[in-house]
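Here the structure comes first, spelled out in structure tokens, and everything after it is commentary.
The values are calculated or read from the model by the stated rules, or taken from the named source; none is laboratory data. This is a predicted model, so every value here is computed, not measured. As a convention, Cβ positions derive from the backbone with ideal geometry for all residues, glycine included, and neighbour counts pool all protein chains shown. Heads up: the accessible areas ignore ligands, DNA and RNA and are worked out on the full protein's heavy atoms, side chains in. Shrake-Rupley method; radii C 1.70, N 1.55, O 1.52, S 1.80 Å.
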Amino acid sequence: MYALKRTFFIVMSSLGIIVMLAGCQQTRYPVDHEQLSGEERLVIRFSHVVGEDTPKGLAARRFASLMKERSDGYIEVQVFPNSMLYKDGEEMEALSDNDIQMIAPATSKVTSIVPEWSVMDLPFAFDSYEEVHAYIKGKTGQELISKLDQQGLVMLGMWDNGFKQLTNRDFPINEPTDIKGLNMRIMPSDIIEQQFNLFGASAVKLDFDNVFQSLDEGLIDAQENTMSNITSKSLHYRQEYMTVSNHGYLGYVLLMNKEFWEDLPDEVRSLIEETLSEVSEWQQEIAHKLNDQELSKLEECNCIEITHLSDEEKQQWEEAFSPVYDFYRGRFGAKNINSLPKIKGGNKE
Ligand code: LMR
């Protein structure tokens, strides 16, 4: 770490001298970081929609604090949690306009700009986190990432949240047909919409920060989310029943504005990449732990009735949802599905 700081110092000093020799009034990268004013720091604004003590919130804060420490205060990552700066529907545009420089939306939300990403929303597509990460590192994942790049977005990593569970107000959901007639809150993804419409539910695309209030006012009956998202927003206090179905993965793509990224000095880019790779490893561990922990808490709280799907029931659910795969194939071809680790009728990567 000392070597990195030293290199930073040397690069910053050299840049300072070059710029001064060129006759400029002020260096772009001052050398004495302790004395920097707000304007002289490199500020990266990172906006997200969940609470601070969630897998994403915790990792964003850790990233910010490590960047500050490792750049001697030169790089300041300002984290804005809980949709305080931009809501779900706004943050992608704010990133493109460089009003913020970093976001970490759920994969379901990037489908608004690269619809093929909805492959990640296919029900029961992944059985484990390892499968998800292997898929993203594989050929299809890399193609999906390059489609983001074509939209002016650099993907700097992937963070986990967890697998989604179903909650409902009035009765337990034991079979897919039980969702008939329910108003279900979903994230904005056509595949998730298909998943629920298939069994006669009304899928309602709603921003995350509106879910509690919409449940409270009875505008929606049910929803799907990870354990930590359910408990951190107290959604279980407005729902009587939960089905532990693990029917879909919810994880995040770490995105930075491409122009901003390409403008950064190599040294800064390397520091960001190294730090994020370390934080991502840590993040995945705590995400898995936190979701297990929140499930145990709900199992003990007597505040919601919990049903666990057996392996046999899961198998039946999976078969029942197979038309959603046909829907995806119809729109984007079979390629991305065939390379799912689960081998839904295709070859492994
Ligand atoms: C949701 O909208 O339910 C989630 O995407 C929120 C999040 O960022 O985890």
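Answer yes or no as to whether Pro123 is touching a His at 6+ places or on another chain (Cβ under 8 Å) and either more than 17 Å from Phe196 (Cβ to Cβ) or assigned to a loop (DSSP other than H, G, I, E, B) (or both). Talk me through it step by step, then tell me what you get.
Numbers: touching a His at 6+ places or on another chain (Cβ under 8 Å): yes; either more than 17 Å from Phe196 (Cβ to Cβ) or assigned to a loop (DSSP other than H, G, I, E, B) (or both): yes.
Yes: the conditions hold for Pro123.
Within region 119-148, can you find the residues that are open to solvent by 10 Å² or more (accessible area, probe 1.4 Å) and within 16 Å of the ligand (Cβ to nearest atom)?
Tyr129, the sole residue that qualifies.
Taking region 201-221 as the search range and keeping residues that are in contact with a helix residue (DSSP H, G or I) (Cβ under 6 Å, 6 or more places away or on another chain) and acidic (Asp, Glu), which one is most open to solvent (accessible area, probe 1.4 Å)?
Of everything passing the filter in region 201-221, Asp216 is most open to solvent (accessible area, probe 1.4 Å).
Could you list, in sequence order, all residues of region 39-85 that are open to solvent by less than 50 Å² (accessible area, probe 1.4 Å), within 16 Å of the ligand (Cβ to nearest atom) and in a loop (DSSP other than H, G, I, E, B)? Don't jump to the end; show me each part of the working.
Let us first name the residues in region 39-85 that are open to solvent by less than 50 Å² (accessible area, probe 1.4 Å), namely 42-44, 46-51, 54-60, 63-64, 66-67, 70-71, 73-75, 77, 79-81, 83.
Checking which are within 16 Å of the ligand (Cβ to nearest atom) leaves us with 46-51, 54-60, 63, 79-81, 83.
Scanning region 39-85 gives His48, Val49, Val50, Gly51, Thr54, Pro81, Ser83.
Residue under question is Thr167, and the condition is that it be within 16 Å of the ligand (Cβ to nearest atom) and in contact with a Phe, Trp or Tyr (Cβ under 8 Å, 6 or more places away or on another chain); does it hold? Before you say what the answer is, go through the steps one by one.
On the way: within 16 Å of the ligand (Cβ to nearest atom): yes; in contact with a Phe, Trp or Tyr (Cβ under 8 Å, 6 or more places away or on another chain): yes.
Yes: the conditions hold for Thr167.
When region 174-189 is examined, which residues are found to be under 30 Å from Gly57 (Cα atoms) and surrounded by 21 or more Cβ atoms within 10 Å (Cβ to Cβ)? Even if it seems obvious, please write down each step before you answer.
Going through region 174-189, the residues under 30 Å from Gly57 (Cα atoms) turn out to be 183-189.
Across region 174-189, the qualifying residues are Met184, Arg185, Ile186, Met187, Ser189.
Could you tell me whether region 226-240 includes any residue that is within 20 Å of the chain's Cα centre (by Cα), within 16 Å of the ligand (Cβ to nearest atom) and at positive phi?
Yes, region 226-240 contains a residue that is within 20 Å of the chain's Cα centre (by Cα), within 16 Å of the ligand (Cβ to nearest atom) and at positive phi.
For region 222-265, give me each residue that is hydrophobic (A, V, I, L, M, F, W, C) and either over 30 Å from Asn98 (Cα atoms) or open to solvent by less than 10 Å² (accessible area, probe 1.4 Å) (or both).
Ala222, Met227, Ile230, Leu235, Met242, Val244, Leu250, Val253, Leu254, Leu255, Met256
Pick out the one residue from Val204, Val211 that is β-branched (Val, Ile, Thr), over 18 Å from Val119 (Cα atoms) and near the ligand (Cβ under 10 Å from one of its atoms).
Working: Val204 fails: near the ligand (Cβ under 10 Å from one of its atoms).
Selected residue: Val211, the only one of Val204, Val211 that is β-branched (Val, Ile, Thr), over 18 Å from Val119 (Cα atoms) and near the ligand (Cβ under 10 Å from one of its atoms).
Condition test on Asn98, is it touching a residue at least 12 places away in the same chain (Cβ under 8 Å), surrounded by fewer than 18 Cβ atoms within 10 Å (Cβ to Cβ), over 15 Å from the mean Cα position of the chain (by Cα) and closer than 25 Å to Gly57 by Cβ?
yes
Please count how many residues of region 266-309 are touching a Phe, Trp or Tyr at 6+ places or on another chain (Cβ under 8 Å) and open to solvent by 70 Å² or more (accessible area, probe 1.4 Å).
Residues that pass the stated criteria total 1.
Among the residues of region 101-118, which ones are assigned to a helix (DSSP H, G or I) and open to solvent by 10 Å² or more (accessible area, probe 1.4 Å)?
Scanning region 101-118 gives Lys109, Pro115, Glu116.
Can you list residue pairs whose Cβ atoms sit under 9 Å apart, with the first residue in region 278-306 being in contact (Cβ under 8 Å) with a residue 40 or more places away in the chain and the second being open to solvent by 100 Å² or more (accessible area, probe 1.4 Å)? Count only pairs 6 or more apart in sequence or on different chains.
So the pair list comes out as Leu290/Asp53; Cys303/Tyr237; Ile304/Tyr237; Ile304/Glu240; Glu305/Glu240.
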